[in-house]
């Protein structure tokens, strides 16, 4: 690139033969003295080495020669100034390129370097060449750095040293040397051309902004060096980093045209630092909504606290982080913090612990465990002054003062510093925990977060954790969860793929391998669709644990099209501070349909659907189990459903709207059906026929209703006389109340088809 050509710049000063009045013996400013008619100067028309040249006698300590012509200057321009001199007699002087750097108003720019390197003259008649490069940028090879302030210069030489010598000076040449420094000036500008020092000490913020402003349709090059930025910088142009940037944690760099991890990794000298600064920019700039990790692997030495990086308490605009792998490097930063403390719990404040000892050491996001604490209860907030903790969910049996344990797991991506975060999407990311840490912790409050097509590989404790209601409307789609406990018997596993506290989660088409549990689902309104979760082991007649746990009585959820492999569905109310029934919504609103239930080499006591009431008086009012396939390989089970009465059983006299229908059973000893269409054959005449549907009734419930009774063939007396009398039925008969009595006016025999329900549908 040659600006003398492309920009029409006139750089060459006049030859001496054009007149010495064109050359100044001072700084070249208008009105200053020229070399014309000076007794110690003359034009020599023919010198054997130079041709036409200027001859002067050095009479002052510093003899100046400057062109009156204003040589233009601009950022990005580099000038090579060359002078040839020789001494004829007298004391030998030294020579250097020199200039007067002027701003647009003609005043001197004192910050510009205005003298070049000095060259000594050591022999008479010897031609000495002196050169210097004048340029805007602080680059290797630039002798006189002018920055961006000068608009033109009066350029020439100085003779220094001893006086009295007679010196001849050839015509001074000024050439455009821009192409030496700019490999492709047509497509980018360099921050050094706009004053950046790149020394790691000087604040280069203004230079970065000036280069970006000047780039136009070109890109910005941050050439080699270390650039300290003391202020926020936003590049509106494409930017490329050969050098690196240092910034304070609260200072942001926004690369709006190439906002991706490659850019930030180059800018900050590595993936981890670049990832953190890119996240910071993602939540603070509106021109980009997606951070592309460029398919790269990012090794983290410590958790990424996104809220702290962003410096924000809430954020509600759509943001996407995608396309990369995040892994943990072993180190102390991933160590679980464990605190034991005495605290008081009262059911009147169901989500609060009071009088908490050692509270200052209990971190937000710690999991709470202890007597009467359900699964996946976390510390949502800490009030040290008041001595209180806010919990993510109530405790079911912890009233009074007792000891609790608090464990704060460490996560690759930690969103818990956000009080409220909505519409974040994590897509096509592998969370490679490596048994070192957990995966993702959600914000305290939030809406419609999405985790899509991600992999959670070997989390140490948890895959995805919600410590509040940041899981409201959570969408987890097409993800893989690979356990860190593959070779551990199911009953000894502690890792959990995910939990939800709020409503309306969507878990769709995920694959989950050998965790203690796939999902602990508080709240209601969930869709669990087309997932494959398997939790088996290699133990003979092995024990199994719940895959999905619904912890709200009124689940109002649908579970359909799943492959439930060597685990079961549990329905509990462990997040109820008063778990006994008290005129509230009891267990209801759950549909389990179209699923494949599989078990291999399990105990005969294994069940796929388990209801676990944590207090007395509860019943089921709304459960549909239809069109499922239940199969056992290498063994058999007694039945598919049960009530876990470790804490309490159900009130079977209040069962409503319970449907078990159109299911397939393989290696299941006792089918479960309601409404049950049952054939009863009475061979001995009797006025009371005892029908025993009990084994078929869900959860060992009662025979509560008969919705149909149709004779098949004639009803006859003992003497084979057909009877046409209408019977009536008595439900809930027998000691277990699981029989139906069909009462006839007289003793008869025959066959009937009777439809019996374990519930009362009205």
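A short reminder: the numbers here are calculations on the coordinates, not readings from a lab. Just so you know, these numbers come straight off a predicted model, no measurement behind them. With ideal geometry, Cβ positions are generated from the backbone for all residues, glycine too; neighbour counts draw on all protein chains shown.
Please arrange 443, 107 by counting, for each residue, the other beta carbons lying within 10 Å of its beta carbon, fewest first. Please report the intermediate quantities before stating the final value.
Values: 443 28, 107 11.
Exposure proxy ranking, most exposed first: 107, 443.
The fraction of Cα-Cα pairs per 10 angstrom bin, counted from 0 for the stretch 292-432, comes to 11, 34, 30, 19, 5, 0 percent, rounded to whole percents.
For a quick check: sort 219, 438, 746 by the number of other beta carbons within 10 angstrom, fewest at the front. Present the calculation step by step, with values, prior to reporting the outcome.
Working: 219 19, 438 28, 746 11.
With the sparsest Cβ surroundings first, the list reads 746, 219, 438.
Looking at the P(r) of the stretch 188-328, how many percent of alpha-carbon pairs lie beyond 28 Å?
Numbers: 1394 of 9870 pairs.
Tail fraction, whole percent: 14.
In terms of the mean number of neighbouring beta-carbon atoms within 10 Å, the peptides 10-20, 140-150, 501-511, 680-690 order highest first as 501-511, 140-150, 10-20, 680-690. With contacts taken as Cα pairs under 8 Å at a separation of at least 6 residues, the stretch 3-181 carries a relative contact order of 31 percent.
Given 20 °C and 1.002 mPa s, compute D for the stretch 494-616 with the Stokes-Einstein relation, Rh being the Kirkwood radius over Cα pairs; round to the nearest whole µm²/s. Display every interim value, and only then the final one.
Numbers: Rh = 14.7 Å.
Translational diffusion coefficient: 146 µm²/s.
Using the Cβ-Cβ distance between residue 357 and residue 335 with R0 set to 25 Å, the FRET efficiency works out to roughly 0.65.
Report the percentage of all Cα-Cα pairs in the stretch 255-368 whose separation exceeds 22 Å, rounded to a whole percent. Beyond 22 Å sits 49 percent of the P(r) for the stretch 255-368. Across all Cα pairs in the chain, the calculated P(r) in 10 Å bins from zero up to the longest distance comes to 3, 12, 16, 14, 11, 9, 8, 7, 6, 5, 4, 2, 1, 1, 1, 0, 0 percent per bin. Taking every alpha carbon pair in the stretch 676-757, what does the distance histogram look like in 10 angstrom bins from 0, in percent? Here the calculated profile for the stretch 676-757 is 20, 52, 24, 5, 0. Each Cα pair under 8 Å and six or more residues apart adds its sequence gap; the mean of these over the residue count of the stretch 188-328 is a relative contact order of 16 percent. For residue 290 and residue 107, what is the calculated FRET efficiency with R₀ set at 51 Å and r taken between the beta-carbons, to the nearest 0.05? Rounded to the nearest 0.05, the efficiency is 0.55. Between residue 735 and residue 40, the simple spin-label model (points 7 angstrom out along Cα→Cβ) gives 13.4 nm.
When you restrict to C-alpha pairs under 8 Å that are six or more residues apart and normalise by the size of the chain, the relative contact order lands at 6 percent.
Can you pull the Kirkwood radius for the stretch 553-603, inverse mean 1/r over Cα pairs, to one decimal in Å?
One over the average 1/r among Cα pairs gives 13.0 Å for the stretch 553-603.
How long are the three semi-axes of the equivalent ellipsoid for the stretch 503-551, computed from the Cα gyration tensor as the root of 5 times each eigenvalue, in whole Å, largest first?
Working: eigenvalues 109, 31, 8 Å².
They are 23, 12, 6 Å, listed from largest to smallest.
The helix-only estimate of mean residue ellipticity at 222 nm for the chain, built from DSSP H runs of length n ≥ 4 each weighted as -39500 (n - 2.57), is -1500 deg cm²/dmol after division by the residue total.
The stretch 535-674 has equivalent-ellipsoid semi-axes of 25, 16, 13 Å, by the square roots of 5 times the alpha carbon gyration tensor eigenvalues, sorted largest first. Restricting attention to the chain, close to 45% of DSSP beta bridges with both partner residues there are antiparallel.
Extension gain, residue 684 to residue 401: 0.36 nm times the residue separation minus the Cα-Cα distance gives 95.4 nm. Computed from Cα atoms, the angle from the helix 271-282 axis to the main principal axis of the chain rounds to 80 degrees. Taken over the alpha carbons of the stretch 3-181 as equal point scatterers, the Debye sum produces base-10 log I(q)/I(0) values at 0.09, 0.17 Å⁻¹ of -0.29, -1.04.
Taking the Cα atoms only, what angle lies between the long axis of helix 205-215 and the longest principal axis of the chain, rounded to 10 degrees? Once rounded, the angle reads 90 degrees. In plain terms, the chain from residue 342 to residue 491 could stretch by 50.7 nm, reckoned as 0.36 nm per residue minus the Cα-Cα distance.
The ranking of 537, 759 by Cβ neighbour count inside 10 Å, starting from the fewest, reads 537, 759. Does the stretch 449-500 classify as rounded, prolate or oblate by the C-alpha gyration tensor (a ≥ b ≥ c root eigenvalues; a/c under 1.5 gives rounded; else a/b over b/c gives prolate, otherwise oblate)? Cα axes put the stretch 449-500 in the oblate bin.
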